[in-house]
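The structure under discussion appears below in the form of structure tokens.
The values are calculated or read from the model by the stated rules, or taken from the named source; none is laboratory data. Predicted model only: the values in this text are computed from it and were never measured. We place every Cβ from the backbone using ideal geometry, glycine too, and count neighbours over all the protein chains shown. Accessible surface is based on the protein model in full, side chains and every heavy atom, while ligands, DNA and RNA are left aside. Shrake-Rupley method; radii C 1.70, N 1.55, O 1.52, S 1.80 Å.
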Amino acid sequence: MYQVSRSTHSNTLTGWREWVSLPDLDVEWLKAKIDTGARTSSLHAFDIHEFERDGDAWVRFQVKPWQDSQEDAVVVECPVHDRRAVRSSSGHAQERLVVKLLIRLVDREVLAEVTLSNRDEMGFRMLIGREALRRGYVVDPARSFLGGRAPREARRRNRGRD
């Protein structure tokens, strides 16, 4: 007989897509896909430059929070946490930088490992992977935006309308 263990943390319900925020980056609204097929979370980043600060590896990059707009890009500097070979859904392997970012998802904050990649051609600026979700999230693939919708102005900007 199998024994079922009880969760030691909450089970926050999330849909297959959600509006998230990245508080440490001052990014208040970013549309993310909840992806249980991905181990690590991924963020659209561009103009990525590695540098050294006090003997440690750091990275400077920009984040565009809006899907169809170049506006409101945020310049970010943070320590490099790791480098990983990541295999895309098409099977192509690529080495990516990994940083740790605080993500606010459905009224909770989790510290997650996030790879930096060019997601310009993808439907979402961010993927939230299993490692972040295992900190107390349950995904309902039939639902969306259980954490609430971004304000109308943010949704319009995300569609490239001001």
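Quick notes
- Evaluation of residue 66 against the conditions (1) touching a helix residue (DSSP H, G or I) at 6+ places or on another chain (Cβ under 9 Å); (2) at pLDDT 95 or above shows that the sole unmet condition is (2).
- Every pair of residues 6+ apart whose Cβ atoms lie under 6 Å, when the first sits in region 39-55 and is over 13 Å from residue 127 (Cβ atoms) while the second is modelled with pLDDT of 95 or more and of a type in the set (Val, Ile, Thr): 50/59
- Among the residues listed as 74, 98, the single one being in contact with a His (Cβ under 7 Å, 6 or more places away or on another chain), at pLDDT 85 or above and open to solvent by less than 80 Å² (accessible area, probe 1.4 Å): 98
- Conditions (1) over 17 Å from residue 22 (Cα atoms); (2) in contact (Cβ under 8 Å) with a residue 60 or more places away in the chain; number of the one not met by residue 90: (2)
- The listed residue being touching a Leu at 6+ places or on another chain (Cβ under 7 Å) and at pLDDT below 90, out of 155, 119, 125, 159: 125
- For region 22-46, filtered to residues that are in a strand (DSSP E or B) and open to solvent by 20 Å² or more (accessible area, probe 1.4 Å), the residue that is farthest from residue 132 (Cα to Cα) is 46.
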